[in-house]
Amino acid sequence: MKNTEIKVLFDAWMKSDDVSLAEIDFVKQYYDETDDLEYMAHGFYAGYCLAERHSGQCTWTQDSDGIWHTSCGQAHEFTTGTPEENQHLYCPYCGNVLEAKEYDDEV
């Protein structure tokens with residue numbers, strides 16, 4: 001399947017009645033007119049997670065090296081900023097609402 005065909009299918013899914021506004025907002029953080037299929041796949045997976053109505057919370061805790069460790073067992077690194085500053089409202093691994101706990105060197 002060509003990238004353009006995948007984009008057409010993705011756009012149709014985003015506009016369908018099966019997708020809520022919250023799901024659209026969530027998936028849009030992964031889909032920004034990109035041709036990167038792996039990036040789009042994360043968006044599809046995130047949409048799937050929301051479609052399954054995962055309503056729990058995933059806590060991301062930052063370590064002293066700036067790596068974010070998720071309560072669902074993953075590790076994530078941003079080039080700059082926090083999850084919120086990078087428009088991550090939900091965990092891309094489990095689909096739950098993301099709660100960030102920044103590293104505090106005074107603790």
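Read-outs throughout are calculated quantities, based only on the coordinates presented, and are distinct from any laboratory measurement. None of the values given here were measured: they were computed from a predicted structure. Heads up, the Cβs are rebuilt from the backbone with ideal geometry, glycines too, and the neighbour counts pull from every protein chain shown.
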Burial-style ranking of 79-89, 64-74, 94-104, average other-beta-carbon count within 10 Å with highest first, yields 94-104, 64-74, 79-89
For the stretch 57-101, evaluate the Debye formula with one uniform point scatterer on each Cα (no solvent term) and list log10 I(q)/I(0) at q = 0.29 Å⁻¹, rounded to two decimals.
-> -1.13
The set of residues whose placed amide H lies less than 5 Å from the amide H of N96, leaving out same-chain residues fewer than 5 positions away, is C91
